[in-house]
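Since every read-out is calculated from the coordinates, none of them should be taken as a lab result. Source: prediction; values computed, not measured. Every residue, glycine among them, receives a Cβ derived from its backbone with ideal geometry; neighbour counts consider all protein chains shown.
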Amino acid sequence: MLNDVKQVLITEEQLLEKVKELGEKITNDYKDSDNFIVIGVLKGAVVFMSDLIRSIELPLKIDFMAVSSYGTSTESSGVVRILKDLDESVEGKDVLIVEDIVDSGLTLSYMHKILKSRKPASLKICTLLDKPNRRKVDLKIDYLGFEIPDDFVVGYGLDYAGKYRNLRDICVLKPEIYKG
Ligand code: XMP
Ligand code: MG
């Protein structure tokens, strides 16, 4: 697995330090909420989310949503379909969406629209990574880990063709891996 890595972009230590920082901010911002729910976007956000929620020192619930965007494995098309919806209603709740990476922004802007229509008390977005150069739609990111260049990355939950999610660092793969 490590043989396929060209470069480590963000180390495990940098990730954990950033997660702690985000957790402190979120703890402070939501301290008055009595109905806080953190929603992870499957599957990429799972690793980030499991670290993040343990750095938030508040009562909270978690839920998950899975969406698929039609397109190739490295480009999203903007047409998004819900594969797994939330288990419970978000009406009246303070909702924080947790995502691994924002690229074009199409996936999250669609999810934001859907969740907004369900009348949460508040709705914010937290993403570990952002590729601002690739943005196609306007999207407000409330909590951001790192801006990264326009390279396809894997690890810490992010995959290529379903693999590499269990790498501890955020890595760039060797180009020959994509060519198969
Ligand atoms: P959009 O374009 O809708 O895409 O903002 C967000 C989704 O695209 C995937 N994505 C990546 N996945 N490494 C990945 O493993 C990447 O570099 C990457 N760039 C985009 C990801 O699924 C994200 O949810
Ligand atoms: Mg994803």
(request) Name the most mobile residue of Glu88, Glu21, Glu57, meaning the one with the largest mean-square fluctuation, in a Gaussian network model of the chain with Cα contacts below 10 Å. (result) Glu88
(message) Students often forget the sequence filter, so: which lysines lie under 19 Å Cα-Cα from Lys136 once same-chain residues fewer than 8 apart are removed?
(response) Lys113
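Please report the net charge: other residues with Cβ closer than 10 Å to the Cβ of Leu9, K and R +1, D and E -1.
-1
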(request) Starting from the Cα-Cα distance between Glu176 and Lys113, subtract it from 0.36 nm times their residue separation and give me the gain in nm to one decimal. (result) 18.9 nm
(message) Quick check: pseudo-label points 7 Å beyond the Cα along Cα→Cβ at Glu24 and Glu88, how many nm apart are they?
(response) 3.0 nm
(request) Note down the relative contact order for segment 1-109 as a percent, whole number, built from C-alpha pairs under 8 angstrom at least six residues apart. (result) 28 percent
(message) Please list, short to long, the whole-number percent of alpha-carbon pairs of segment 49-180 in consecutive 5 angstrom bins beginning at zero.
(response) 2, 9, 18, 23, 22, 15, 8, 3, 1, 0
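Dipole magnitude of the chain about its Cα centre, charges +1 at Lys/Arg Cβ and -1 at Asp/Glu Cβ only, in debye to the nearest 20?
Details: 26 positive and 30 negative charges, 113 e Å.
The calculated dipole for the chain is roughly 540 debye.
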(request) Give me the number: length gained by fully extending Arg168 to Val8, i.e. 0.36 nm times residue separation minus the C-alpha to C-alpha distance, one decimal in nm. (result) 56.6 nm
(request) Return the Rg/Rh value of segment 109-180, two decimal places, where both radii are evaluated on C-alpha atoms and Rh is the Kirkwood radius. (result) 1.05
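Taking a cut-off of 15 Å, what percent of all Cα-Cα pairs in segment 1-62 are separated by more than that?
58 percent
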(request) Could you run the Karplus curve 6.51 cos²θ - 1.76 cosθ + 1.60 with θ = phi - 60° over segment 152-166 and give me ³J(HN,Hα) per residue in whole Hz, x for Gly and Pro? (result) 6, 10, 9, x, 6, x, 7, 10, 10, 6, x, 10, 6, 5, 8
(message) If I model a spin label as a point 7 Å beyond the Cα along the Cα-Cβ vector, how far apart are those points for Asn133 and Arg81 in nm?
(response) 3.2 nm
(request) Of the options Ile82, Ile37, Leu9, report the single residue whose Cα projects farthest towards the positive end of the charge dipole of the chain (beta-carbon charges: Lys, Arg +1; Asp, Glu -1). (result) Ile82
(request) Express the Stokes-Einstein translational diffusion coefficient of segment 1-123 in µm² s⁻¹, to the nearest whole number, given a Kirkwood radius over alpha-carbon pairs, 37 °C and a viscosity of 0.692 mPa s. (result) 208 µm²/s
(request) Run the quick spin-label model on Asp34 and Lys61: label points 7 Å from Cα toward the beta carbon, then report their separation in nm to one decimal. (result) 1.5 nm
